[in-house]
Every structure is written in structure tokens, then in C-alpha cells.
Amino acid sequence: MIVSKTAITALAVMAVAGTTLALAPLAVADGMGGGRGGERMFSTTLNPVPTNNVTGSGTASIELEGNEATVTINASGLLGGVPHAQHIHIDGMGRCPTASEAGTHNGKTSMSTSDGMKAYGMIGTSLTTSGDTTPTSALAVTRFPMGSSFHYSRTIHVTDDVVASIRKNNAVIVVHGIDYDGSGKFTNVLGASELDPKLPQVATAPALCGALQAGGKGGIHAGAGGSQEQLTTGLTAAGAVLLIGGAGALALRRRKTADAV
Ligand SMILES: [Cu+2]
């Protein structure tokens, strides 16, 4: 009766763990997330990029489980009727550009996406609505959210460098596409895009920007370290019991440590 022995062990751990039991399910949830430890929720407020005549706003969050990222973006107040390219930018300075970093485009002070790259870095992931999410899809205009307001949620695979940037607070969410001249459509007021001359600069210029930070809605602080990695095996009933037992043991160990101090 291996299962009952396990169950008894788990129950015993629960009984001993006492008040720390309540933490066990949270620790289990994190343990199933790929075993890297650390935060799994990252979030930010999306603010208008200066000099680009944007009045919209939004929020963004990423829940990481290993290399799986569930990305959620809510944006509003943008130019309607056009696609809004959006990306996770990485390897810059992990921040949004300030007005002083704007350039002059077609004689007008504005922030092109290149102007902003010193601050937010290059494209790590294209947050498309379907298909490829690599930098290759940076301007896949038929696969980005459309309209003045949108809700975007997609679970995608992200590369190791993107995960690393997110974890060190060096990833920035940027939503592109601006109405610089208030015309209600994309025009050539800023000339052609330096990224793709077939597109107007306003289509690729950054509209909203937010630097991801650990924490946020639904955030769980893990703090359990690598021990849970070995617990990320099957999700059968027996496996679940093992996970609970393992988490309880972790809680117990932490408690012992606390007692020893
Ligand atoms: Cu971008």
C-alpha cells in the first residue's frame, strides 16, 4: 500500500506543519511552474510614450512558468481601426524612454521605435494574436490587436533570453501605433518607418510603454528554492499527494530553520 503510506506521510506533515499548511497550496502551484524559483508574476502600467501625442493607457502582466508566458494586455484610448504591434523588448535599460530621447522625424519631434530602443531595448518577443512570436513577426500587422481598445491574452513560449530579462526586471512591454497628427488614421506626417519603409512611421512608433516588475495581480512570492524542482513530475492523484507532502516538508523545514534562529 504505497499510496496509503504516502498519504499518511502527507497527513503527518500537515499535522506537524500546523499554521504553515495554508501556504502549502501556493508553494505547490509555484513548484509546478518550471522549478526556476523566484517570482512568477510580473506586471506594469502602460503609459503614453512622451512626444507622441498619445493619451491612451493600459496594463500588462506576464505569468511565467518556465519558458511558458501567459501575457495579458489591456489597452485603451489608442488610435482606432488600425493594428497595434506589441512586443516584449529586452536587453535595453529596462525602462521607458523620456522626452529627451525623442528624435526629429519629418521635421517633427517624436519618438520612433528606434529612438526608444536605448531605453527599452530590442524586440525579444512579438505579442501576436496567432502564429509566430519571434522578432521575425515584429511587424506582422495582420496578427496584432486592432482598434482603440483591446484585451489581449495568450500563452506563448518565450526564449531563455526573454525569461532572463523578465526575471531581472529588464523587460519592457511596448504597444505601437500612434495618431500623431490627430487625424484618426495612420498618415505620413512623420515620414516612413525606419523599420519598414512600406509602413508609415506612425504605425511603428511606440504608443504605450511599461517596464515589467516582479509582482502584481495574482502574484505569488515563492521563496522555496530549487527543492521543488524534483517535485514537478506527474500530475496524477498520487503525484498531487507527493507534491503536497513535499511542500509541507518544505514549510516544516523553513519552520525548523526559523526555530533555530
Ligand atoms: Cu515594440
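The values are calculated or read from the model by the stated rules, or taken from the named source; none is laboratory data. Quick caveat, the model's predicted, so the values are computed rather than measured. Reconstructed Cβ throughout: ideal geometry from the backbone, glycine too, with neighbour counts over all protein chains shown.
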Residue 80 vs (1) modelled with pLDDT under 50; (2) surrounded by fewer than 22 Cβ atoms within 10 Å (Cβ to Cβ): all pass except (1)
Residue check: is residue 98 under 17 Å from residue 55 (Cα atoms), over 19 Å from the mean Cα position of the chain (by Cα) and surrounded by fewer than 17 Cβ atoms within 10 Å (Cβ to Cβ)?
yes
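For every residue, the table says whether it meets (1) outside any loop (DSSP other than H, G, I, E, B); (2) modelled with pLDDT of 95 or more.
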| residue | (1), (2) |
| --- | --- |
| 166 | yes, yes |
| 180 | no, yes |
| 188 | no, yes |
| 196 | no, no |
| 228 | yes, no |
| 234 | no, no |
| 244 | yes, no |
| 247 | yes, no |
| 258 | yes, no |
Do you know which of the residues in segment 152-184 that are farther than 28 Å from residue 215 by Cβ and surrounded by 13 or more Cβ atoms within 10 Å (Cβ to Cβ) is nearest to the ligand (Cβ to nearest atom)?
177
Which members of segment 116-137 meet the condition of being surrounded by fewer than 22 Cβ atoms within 10 Å (Cβ to Cβ), more than 10 Å from the ligand (Cβ to nearest atom) and closer than 22 Å to residue 52 by Cα?
118
From 74, 53, grab the single residue that is surrounded by fewer than 21 Cβ atoms within 10 Å (Cβ to Cβ), modelled with pLDDT of 95 or more and outside any loop (DSSP other than H, G, I, E, B).
74
